[in-house]
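Q: The structure under discussion is supplied below as structure tokens; questions concerning it will follow.
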Amino acid sequence: MSSHAAGQIDHHHDPTTSTGIPNKKLLLWAFLASDCMFFGTLISTHLVYRQNPPPGTLGPREVFSLELTSFSTFILLMSSLMMALAVSAIQRGNLRAMRSSLLTTIFFGLIFLWCQVYEFNHFVHEKHLTITGDLFGMTFFTLTGTHGTHVAIGVLWLVLMYIRSFKPAHPHGYSWVARGGAHLLFFVVAIVSVMNAVYHLYALIQEGQAATYFSTLGQSAWDLARWTSGGETATLYLPHSLVLAAAAVSLASLVGFARPRGDVDFTETNAIDVESMGLYWHFVDIVWIVIFTVVYLLEYVG
């Protein structure tokens with residue numbers, strides 16, 4: 001557990017800068033301002049082209065699933081709450097609470113991404129809405145896909161911030177770098193394997209075959225690699241059992257990495273880093289509220 005920084009820290013004012021605003025925060029605000037214009041362009045483009053859908057194609061009401069999108073929106077809003085709690089915790093010097101809040105934010109962010117992956121897959125294979133099919137599909141997938149990329153970048157940033165909070169106060173050589181790399185690797189394996197397993201199970205539930213899930217543990221589940229040789233394409237798969245085993249091992253390893261190991265180099269003085277992360281995450285959430293309103297809800301007005 002980290003010790004508190006000596007003296008009272010002003011987290012909102014920096015007397016060493018000409019503006020009184022910490023340089024990290026000012027730089028992030030400048031980036032978010034440019035991102036506002038970027039998303040504004042994508043949203044306005046979609047609103048223009050949605051007015052003239054090609055004849056013979058499904059309308060947005062026949063394509064969208066308002067229930068799923070509403071659920072993912074609620075999850076993203078809850079992740080903003082947890083991010084705010086993480087910032088508040090580190091400003092009070094409560095490292096354990098900050099880590100718990102960061103992990104919850106990561107979890108909610110991954111749920112949102114899973115919902116988006118499922119939605120895109122459903123649109124493409126069931127509704128035949130593709131990015132190359134018409135202007136509506138092109139603007140829709142470009143807009144929501146760009147936002148999903150921002151969420152994925154945010155999740156990666158959160159994971160790195162969480163791992164950074166375990167840096168020892170007195171690291172020995174490059175051992176901390178190796179440990180941090182292993183920590184990140186297990187995070188990636190856990191995320192990919194768990195999301196793959198949940199996606200497959202949910203698909204079986206939708207088909208009314210959930211009971212057959214565990215009976216198919218030895219069958220292929222994950223398209224791991226694909227290559228072409230002599231004009232023929234070969235594919236390497238991982239069976240369900242290996243995916244679940246990878247998930248279990250990686251999750252157990254993450255629990256082991258989270259065990260306290262003495263003082264760490266992460267205190268109240270690092271609150272500006274967590275707050276900067278929070279600004280980015282809240283911005284991504286606000287952008288999604290706008291997208292949810294003008295892209296999804298607007299189709300059901302009138």
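The values are calculated or read from the model by the stated rules, or taken from the named source; none is laboratory data. Keep in mind that this is a model prediction, so the values were computed, not measured. A quick note on method: Cβ atoms are made from the backbone with ideal geometry, for glycine too, and the neighbour counts reach across all protein chains shown. Accessible surface is based on the protein model in full, side chains and every heavy atom, while ligands, DNA and RNA are left aside. Shrake-Rupley method; radii C 1.70, N 1.55, O 1.52, S 1.80 Å.
Q: Need the failing condition index for Phe292 against (1) open to solvent by 30 Å² or more (accessible area, probe 1.4 Å); (2) under 30 Å from Phe64 (Cβ atoms), just the number.
A: Result: Phe292 passes all but (1).
Q: On the given criteria, is Phe107 more than 24 Å from Phe257 (Cβ to Cβ) and part of a helix (DSSP H, G or I)?
A: No: the conditions fail for Phe107.
Q: Related question: Yes or no: segment 133-140 includes at least one residue that is open to solvent by 50 Å² or more (accessible area, probe 1.4 Å) and assigned to a loop (DSSP other than H, G, I, E, B).
A: Yes, that holds for at least one residue.
Q: Could you tell me which numbered condition Leu184 fails, if it satisfies all but one of (1) modelled with pLDDT of 85 or more; (2) more than 29 Å from Ile286 (Cα to Cα); (3) assigned to a helix (DSSP H, G or I); (4) not polar (S, T, N, Q)?
A: Result: Leu184 passes all but (2).
Q: Considering Leu129, Leu47, Leu81, which residue is assigned to a loop (DSSP other than H, G, I, E, B) and of a type in the set (A, V, I, L, M)?
A: After applying the criteria, what remains is Leu129.
Q: Also, I was wondering about something else. Collect the residues in segment 117-134 that are in contact (Cβ under 8 Å) with a residue 40 or more places away in the chain and of a type in the set (A, V, I, L, M), keeping them in residue-number order.
A: Val117, Leu129
Q: If you don't mind, there's one more thing I want to ask. Pick from segment 141-154 the residues that are of a type in the set (Val, Ile, Thr) and open to solvent by 10 Å² or more (accessible area, probe 1.4 Å): which of them is nearest to Phe107 (Cα to Cα)?
A: Quick first cut of segment 141-154, residues of a type in the set (Val, Ile, Thr) only: 142, 144, 146, 149, 151, 153.
Subset that is open to solvent by 10 Å² or more (accessible area, probe 1.4 Å): 142, 146, 149, 153.
Values: Thr142: 25, Thr146: 20, Thr149: 16, Ile153: 14 Å.
Per the criteria, the residue is Ile153.
Q: Of all residues in segment 155-175, how many are open to solvent by 60 Å² or more (accessible area, probe 1.4 Å) and hydrophobic (A, V, I, L, M, F, W, C)?
A: Here the count works out to 3.
Q: Does any residue in segment 253-273 that is under 13 Å from Ala86 (Cα atoms) and in contact (Cβ under 8 Å) with a residue 40 or more places away in the chain come within less than 7 Å, Cβ to Cβ, of a residue that is open to solvent by less than 30 Å² (accessible area, probe 1.4 Å) and among the charged types (D, E, K, R) six or more places away or on a different chain, and which pairs are these?
A: Close Cβ pairs (under 7 Å, with a partner that is open to solvent by less than 30 Å² (accessible area, probe 1.4 Å) and among the charged types (D, E, K, R)) amount to Ile272/Lys25.
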